[in-house]
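So the structure is just underneath, and the comments pick up after that.
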Amino acid sequence: MSLPGTAKVPFGGDYNPEQWPQDVWNQDYRLFDAARIDTVTLGVFDWALTQPAEDRYDFALLDRIVDRARAEGRQICLATGTGAHPPWLARAYPEVTRTDFEGRRHRFGQRHNSCPSSPVFRRLSTELARRVARRYGGNPELVAWHVGNEYGGACYCDLCAAGFRAWLRRRYGSLEALNTAWYTTFWSHTFTHWDQIEAPSALTEHWRGPDHTAFQGITLDYLRFMSDAMLANFLDEKAAIRQSSPDVPVTTNLMGMYKPIDYHRWAPHLDFVSWDNYPPDDTSAARMALTHDLMRGLKAGQPFWLMEQTPSVTASRDVNPLKRPGLMRLWSWQAVAHGADAVLFFQLRASRGACEKYHGAVIGHAGRSDTRVFREVATLGAELDRVGPATLGARTPARVALMFDWDSWWALEISDGPSRLVRYQQVVMAYHRALWAAGVDLDVVAVTADLTGYDVVVAPVLHMLKDDLPERLAAVATRGGTVLTTFLSGRVDTCDNAFLTDVPGPLGELMGVRVDEWDAREFDVVNPVRLECGKDGLDVESRLIFELVIPQGAEVLGRYQADFYAGTAAVTRNAYGEGHGWYVGAGLDQAGIDWVVWRILARHELFGPYPDVPELESAARIAPDGARLLFLLNHRAEQVEVTARADAVDLLTGDRIEAGGSLRLPERGVVVLREEH
């Protein structure tokens, strides 16, 4: 099952009319008409209203909400309402609330406070989903089901410890296999009975927080288990929905590069991917592009829904900057450029109280239509109407793959050494930024992905190597492609145990190098690196990690300039088959990463149309009818002028563009071209 069928990009968002009297609903729908809002997400946090007691369900209010949306001709994304459990449930069954990392049993409050291993929670949440689906599943306006909300966090209670032990039995089959995987001969940890195994927490294997563990294998498996436990909650509700709504697709809103949950493990179970985009600041264009591509890559390039974004400000951070004029529109079109088939907001009307009362909304507390934010939303809605179905179902024609792996992320950052200052996400973002600046169309893929369609595979800090990945990477180079990896790659197997061979383990032959030693320093310690390729040279800085790379057939393209290892290899390129393996052993600065990545792209002629225009993002999608759509996004606060590369029609204005003609993008401007060849 794929994305819900719609006539255009759905436009709207989270709507909570249960917070308001019905005269406000009348005002809201008039404003929705003005803003071209055609899709509403309903009932996300309605559990306490639809089930006020264990033995009583009351759908009267939700009936009125759904009926009104239908009468107004809106598409409905209907939630099961289980994003937070009600007070009566925690009072009647205290074991439903979570136990935190420090071992404290929580009482009722907040959200993300339901133990995923609680049989009571699973039974009652599943029953609510079943009843909601049975009641509303036949509505023709229903285009999608929304289960839970932003799954996350963790629980360390006795129920989860028991669930962990059951999960381990299924994974390893025997205590002998488990002891081998966890290397339990260390520190007298050999387990002789399953009941001896504890959840890794501040009371057991950890000190100084979740990233400091004596046994990485135990903690890594608990991270995997907790991700799977919450997935089981999702699957409970999905199965209940399917009993009476077999054809409407089911999703839940993911959170992008969210560390606690391995979304690759979830992706096969989502009918389509949806996610919530809340960047940390207003200079996050590259980061958002990476995350959009990651979300699209979860289901092998299938388009996704942008389920939430703020039209103006968030309310969850210490400082919440306002989106500058034009930024909401620009970022919305960026999402479409990278594969979004829906553009939705949180929230449509601002909450009056509680922690999100200052969170941005399409309609503010005063209910006005003459605010800048509302006008910008209405303008975007009109543009999406104008474009119609042109972008729906379009795919990204990527020949470059960037690998993203939760297991490597987890394993790297719970490791004692070489450096806790090396952060997986930051390294991946730096290599992605080099590709993004070059205008490359790329897929962000799992380590299990089929690599046969890619000319270049970039795999930064590929710390953990699983199954046949080394052979598949070697195959890319053998047929003429290029594989790039970095320091701290090829270090451990699936159980987080070191390979009993030279670093970078099974990647050594492909990379043509060996690493015997590595140096780690504070961020203020710089070792310069001289990069040279033919007559092309550049002096850059490296920080944090310095592997002493010994070529084993590889050509040296970068050398350290300081310390006792001055003159030794920092960056290498190895001829392998018809292609290359590049190894970057140093924590290069952005200029150094750009130099390496752009040398690779030049070999394969994979630059975008305007790589020399800073902060002009380009992204292509191929529509189902074969048309090439080119998105140009100006992230600068000034006008940009470029030359059109092909005859085209601007889908936002209807203007015809001739090849060689001028394209002017105002500050934060957008052009969507349907090219003619």
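The values are calculated or read from the model by the stated rules, or taken from the named source; none is laboratory data. Values in this document were obtained by computation on a predicted structure and should not be read as measured data. Backbone-built Cβ (ideal geometry, glycine too); neighbour counts: all protein chains shown.
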Taking the condition of being touching a residue at least 24 places away in the same chain (Cβ under 8 Å), within 20 Å of GLY381 (Cα to Cα) and part of a loop (DSSP other than H, G, I, E, B), how many residues in segment 627-653 meet it? 2
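Across segment 235-270, which residue is surrounded by the most Cβ atoms within 10 Å (Cβ to Cβ) among those that are assigned to a helix (DSSP H, G or I) and over 18 Å from the mean Cα position of the chain (by Cα)?
Selected residue: GLU237.
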Within the bounds of segment 373-388, is there any residue that is without any contact (Cβ under 8 Å) to a residue 24 or more places away in the chain and either buried (at least 21 other Cβ atoms within 10 Å of the Cβ) or in a helix (DSSP H, G or I) (or both)? yes
Which ones in segment 298-313 are buried (at least 23 other Cβ atoms within 10 Å of the Cβ), out of contact with any helix residue (DSSP H, G or I) (no Cβ under 7 Å at 6 or more places or on another chain) and among the aliphatic types (A, V, I, L, M)? MET307
Looking at (1) in a helix (DSSP H, G or I); (2) surrounded by fewer than 17 Cβ atoms within 10 Å (Cβ to Cβ); (3) out of contact with any helix residue (DSSP H, G or I) (no Cβ under 9 Å at 6 or more places or on another chain), which is the one condition that is false for GLY138? (1)
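Is it fair to say PHE164 is in a helix (DSSP H, G or I), modelled with pLDDT of 95 or more and not acidic (Asp, Glu)?
Taking the combined requirement at face value, the residue satisfies it.
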If the Cβ limit is 9 Å and pairs must be 6+ apart or interchain, which residue in segment 433-450 that is assigned by TED's automatic domain parsing to the domain that holds ILE593 and over 22 Å from SER408 (Cα atoms) pairs with which residue that is acidic (Asp, Glu) and modelled with pLDDT of 95 or more? TRP436/GLU617; ALA437/ASP594; ALA437/GLU615; ALA437/GLU617; ALA438/ASP594; GLY439/GLU617
Exactly one of these conditions fails for VAL549: (1) under 19 Å from ILE593 (Cβ atoms); (2) buried (at least 24 other Cβ atoms within 10 Å of the Cβ); (3) touching a residue at least 40 places away in the same chain (Cβ under 8 Å). Give me its number. (3)
List pairs: first in segment 480-499 and in the same structural domain as VAL515 (by TED's automatic domain parsing) and farther than 19 Å from ASN574 by Cβ, second aromatic (Phe, Trp, Tyr) and buried (at least 24 other Cβ atoms within 10 Å of the Cβ), Cβ under 9 Å, 6+ apart or cross-chain? CYS495/TRP182; ASP496/TRP182; ASP496/TRP410; ASN497/TRP182
Among residues of segment 173-182 being of a type outside the set (A, V, I, L, M) and surrounded by fewer than 18 Cβ atoms within 10 Å (Cβ to Cβ), the residue nearest to PHE499 (Cα to Cα) is THR180
Subset of segment 437-460, residues charged (D, E, K, R) and touching a helix residue (DSSP H, G or I) at 6+ places or on another chain (Cβ under 7 Å), comes to ASP443, ASP455
Could you tell me how many of the residues in segment 428-473 are hydroxyl-bearing (Ser, Thr, Tyr), assigned to a loop (DSSP other than H, G, I, E, B) and within 19 Å of the chain's Cα centre (by Cα)? 1
State all residues of segment 271-297 that are in contact with a Lys or Arg (Cβ under 7 Å, 6 or more places away or on another chain) and either buried (at least 22 other Cβ atoms within 10 Å of the Cβ) or not in a loop (DSSP other than H, G, I, E, B) (or both); if no residue qualifies, say none. VAL273, ALA286
